[in-house]
Amino acid sequence: MIFPPRRFNMVFSLLMSLVMATLMTAIITLINTGAGPGYLGRFAHAWIIAWPIAFGIVLVTAPLVRRTTLSLLHDDVA
């Protein structure tokens, strides 16, 4: 184990924001500017801005989203 369990929220937020910011930035940059010359530079510039924002948002909202998700589920008790 690399991280102790008490770091779950931080590690989860890091990984979730990394994946989401990368995918969203890549797709939106592709849609807005195309895959021509300079695409990787535009993508990298947008990602550098997007990832820290995404990390902060996930870090703050993940506990609320987790609780909300649990409240929407029910036990299937026979």
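Assigned to a helix (DSSP H, G or I) and of a type outside the set (Lys, Arg): does that describe Met20? Step through it out loud before you land on a result.
On the way: assigned to a helix (DSSP H, G or I): yes; of a type outside the set (Lys, Arg): yes.
Spelling it out, Met20 is indeed assigned to a helix (DSSP H, G or I) and of a type outside the set (Lys, Arg).
Starting from the range 48-67, take each residue that is over 13 Å from Ser17 (Cβ atoms) and list its partners that are surrounded by 12 or more Cβ atoms within 10 Å (Cβ to Cβ), counting only C-beta distances under 8 angstrom and pairs at least six apart or across chains.
The qualifying pairs are Pro63/Asn9.
How about the range 37-72: which of its residues are at pLDDT below 95 and either of a type in the set (D, E, K, R) or not in a helix (DSSP H, G or I) (or both)?
Selection gives Arg66, Arg67.
Condition test on Ile28, is it exposed (fewer than 15 other Cβ atoms within 10 Å of the Cβ), under 24 Å from Phe8 (Cα atoms), at pLDDT 95 or above and among the hydrophobic types (A, V, I, L, M, F, W, C)? Give the derivation first.
Details: exposed (fewer than 15 other Cβ atoms within 10 Å of the Cβ): yes; under 24 Å from Phe8 (Cα atoms): no; at pLDDT 95 or above: yes; among the hydrophobic types (A, V, I, L, M, F, W, C): yes.
The answer is no for Ile28.
Check whether at least one residue in the range 23-32 is in contact with a helix residue (DSSP H, G or I) (Cβ under 7 Å, 6 or more places away or on another chain), among the hydroxyl-bearing types (Ser, Thr, Tyr) and assigned to a helix (DSSP H, G or I), and report yes or no.
Yes, the conditions are met somewhere in the range 23-32.
The values are calculated or read from the model by the stated rules, or taken from the named source; none is laboratory data. As the structure is a computational prediction, the values presented were derived from the model and not from experiment. Glycine gets a Cβ as well: all are built from the backbone with ideal geometry, and neighbour counts include every protein chain shown.
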